[in-house]
Amino acid sequence: MATLGILIGLVGGDLFSGAPRFTFGTMNLYDGLNLLVIAMGIFGVAEVSANVGQTLQSKRPVFDTSLRAMIPTRDDLRRSWKAILRGSGIGSFFGVIPGTGPLIASFVAYSAELSAAKDKSRFGRGAIEGLTAPEAANNAAEQTSFIPTLALGIPGSAAMAIMLSVFLIHGITPGPGLLNDHADIVWGLIMSFWIGNVLLVALNIPMIGIWVRLLSVPYHYLFPCILIFICLGVYSIHNSAFDIWMVLVFSVVGFGMRLLDLPAAPMLLGFILGPMIEEHFRRSMLIARGDLTTFFQTPLSAGLISCVLLIFLWRGARMVRDWRVKSAAAGTSNLSAYLARKKQDRT
């Protein structure tokens, strides 16, 4: 699925030569596919399609929206504190890397929790770790993205790019001298983080009851509204009806992924990171004149690549070990029988 995401990310004009790739002769695909189009198709419309068969008399879930019910239980805290720490660490790492942003940090944090979970079947059914880790990563990435923005003048995300432009409009140049030249602005900005978080808590807690009550709306009223808002939001990106057709295409892909039990998060992660990997890899090859050993000439680069290779080997060994344990427990001796047993269990 990650490889499929990388292939989808290659759609559009080549960054270095300008040659069209996978555009099928239409200029609408020359600028590539938008992440929102893919996400709305895979998650939004596909979800509607999968649940459109709900009966009108189906029982609606009832939630307690009192303040006592919203306080995490002891079991919630026990399950989530490690996920929060891991998500914060992942978000802080990606936040200081320019151009990544909180979206990548959220997907990586979710994937990390899914890999670390002993019972992966809980994910997608309300596992609190699958919620706290991406949210912690998102918040950490948003905060730490200020570091490259203020210290180096390099925006860490789209929001930081807007903030950087605001600084420049007011004659303030972010960089190493910002703290010395405009210490009042820097420390005022840091204190605004505390004020903003307090205001978020004060505004969000009373509104939770309103958002939860949306679940009481019958499906046959809710689904058309969702589709209308998806079409309006996608159309507003480029004011193009072609994007709506692409949402329809990816909704079919997303529905097929649900039927085949294929994960969507790795595909979106590959779609986001794939073009970045290609751009920087090809730039490095141009500078090094095609010499692949350039990636091992510095200790930092060699160490990172070695860590990636070790992670691949460790994950492969773990998959083989898990297969052997599960196949022994299921009484199977070969891979085909094990997969058939798993398919029968899902059915």
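Overview of values
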| quantity | calculated |
| --- | --- |
| Boolean, PRO174 is in contact with a Gly (Cβ under 8 Å, 6 or more places away or on another chain) and farther than 30 Å from ARG74 by Cβ | yes |
| Residues of segment 105-146 that turn out to be of a type in the set (A, V, I, L, M), under 22 Å from ASN197 (Cα atoms) and in contact with a Phe, Trp or Tyr (Cβ under 7 Å, 6 or more places away or on another chain), as a count | 3 |
| Residue ID - modelled with the lowest pLDDT, chosen from residues in segment 169-182 that are more than 15 Å from PHE146 (Cα to Cα) and in a helix (DSSP H, G or I) | ILE169 |
| Selection from segment 239-258 of residues that are free of Cβ contacts under 8 Å to residues at least 24 places away in the same chain and over 15 Å from SER49 (Cβ atoms) | ASN239, ALA241, ILE244, TRP245 |
| Flag for GLY32 being at pLDDT 85 or above, of a type in the set (Gly, Ala, Ser) and surrounded by 13 or more Cβ atoms within 10 Å (Cβ to Cβ) | no |
| Every pair of residues 6+ apart whose Cβ atoms lie under 7 Å, when the first sits in segment 123-148 and is under 19 Å from ALA264 (Cα atoms) while the second is among the aromatic types (Phe, Trp, Tyr) | GLY130/TYR110; GLY130/PHE123; ALA133/TYR110; PRO134/TYR110 |
| Any hit, segment 193-214, residues being out of contact with any Ser or Thr (no Cβ under 9 Å at 6 or more places or on another chain), outside any helix (DSSP H, G or I) and in the same structural domain as PRO148 (by TED's automatic domain parsing) | no |
| Filtered residues of segment 106-122 (kept if of a type in the set (A, V, I, L, M, F, W, C) and outside any helix (DSSP H, G or I)) | ALA117 |
| Neighbours by Cβ (under 8 Å, 6+ apart or cross-chain): first from segment 259-270, of a type outside the set (Val, Ile, Thr); second not in a helix (DSSP H, G or I) | LEU262/MET1; PRO263/MET1; ALA264/MET1; PRO266/MET1; MET267/MET1; GLY270/MET1 |
| Residues (within 22 Å of LEU273 (Cβ to Cβ) and buried (at least 23 other Cβ atoms within 10 Å of the Cβ)) located in segment 111-137 | GLU113, ALA133, PRO134, ALA136, ALA137 |
| Boolean, ASP243 is over 20 Å from ILE104 (Cβ atoms) and surrounded by fewer than 18 Cβ atoms within 10 Å (Cβ to Cβ) | no |
| Selection from segment 249-304 of residues that are among the hydroxyl-bearing types (Ser, Thr, Tyr) and surrounded by 11 or more Cβ atoms within 10 Å (Cβ to Cβ) | SER251, SER284, THR294, SER301 |
| Single residue of segment 2-43 satisfying the filter (on the phi > 0 side of the Ramachandran plot, touching a residue at least 12 places away in the same chain (Cβ under 8 Å) and assigned to a loop (DSSP other than H, G, I, E, B)) that is farthest from the chain's Cα centre (by Cα) | PHE22 |
| Test: residue in segment 237-250 that is aliphatic (A, V, I, L, M), more than 20 Å from THR26 (Cβ to Cβ) and touching a helix residue (DSSP H, G or I) at 6+ places or on another chain (Cβ under 6 Å) | no |
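The values are calculated or read from the model by the stated rules, or taken from the named source; none is laboratory data. Quantities reported herein were computed from a predicted structural model and do not represent experimental measurements. Cβ atoms come from the backbone with ideal geometry, glycine included; neighbour counts cover every protein chain shown.
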